[in-house]
Amino acid sequence: MREYELTIPAGEERSRSVPPANFLRVKTAASELRYRFEDASGAEVGSLLLSEGNKAHLEREFVRVRVDNDTGASADTTVVIGAGDVDDTAISGNVSLTKSTDLWQINKICPPSAKTNLSGGTVRREVGICNFSSNTTYVVVGGSSVDAVSGVELRPGATIFIATTATIYAYNPSPTDSVTLGMLLVMD
């Protein structure tokens, strides 16, 4: 998922190319705006009036978003676009445990401009990593070579689940702010 900011002057339209996606959530918008979605051929695959907090999961993939502002004032909007479907306010689901397993919950603090080992033990087989929505910056999650540009971005309010016993790291690109991550570890 990636976040995009657009400013649309009154009575105008702005468009943005995006990686192939089928999901959009309006993170911020001062008013209701029309969002139109186009596939790689330029064909419109959806058109919706959306307000702040609304989300759309399209059946067809899109690679361009057009935003129309029919209001009498300039409008700013921030949207989250990607493939899949997310809701950063809750995590739900089922965990099936078939053998003796412990669940550990820990918090890890990632200092500014540093890489932090998130392993939590050598007998871990799965981990859920949550960048709390109260944090002000993203972290990048990956292997030993993770840095500001190589890995998976985990924005505030986002969670990722990884099934691996390999060592996992988080890189905090902020030069000033620490980031606290919540972790749920499935241990053997």
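The values are calculated or read from the model by the stated rules, or taken from the named source; none is laboratory data. The shown structure was predicted, so the numbers you read here are calculated from the model rather than taken from an experiment. Here Cβ is always computed from backbone atoms with ideal geometry, including for glycine, and neighbour counts include all displayed protein chains.
Could you say whether any residue in the range 53-71 is more than 18 Å from residue 21 (Cα to Cα) and within 19 Å of the chain's Cα centre (by Cα)?
yes
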- Check on residue 75, assigned by TED's automatic domain parsing to the domain that holds residue 8 and crowded, with 20+ Cβ neighbours inside 10 Å: yes
- Message: I'd like the residue in the range 1-25 that is within 18 Å of residue 56 (Cβ to Cβ) and among the hydrophobic types (A, V, I, L, M, F, W, C) and, out of all such residues, is modelled with the lowest pLDDT.
- Response: 1
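Here is a list: 60, 36, 2. Which entry is surrounded by fewer than 17 Cβ atoms within 10 Å (Cβ to Cβ), of a type outside the set (Gly, Ala, Ser) and more than 20 Å from residue 156 (Cβ to Cβ)?
None of the others qualify; the one that does is 60.
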- Task: Only one of these is surrounded by 11 or more Cβ atoms within 10 Å (Cβ to Cβ) and at pLDDT below 85: 46, 121, 143. Name it.
- Result: 121
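Quick one: which of 89, 28, 78 is among the β-branched types (Val, Ile, Thr) and at pLDDT below 85? Before you say what the answer is, go through the steps one by one.
Numbers: 28 fails: at pLDDT below 85; 78 fails: at pLDDT below 85.
Only one candidate passes the filter, namely 89.
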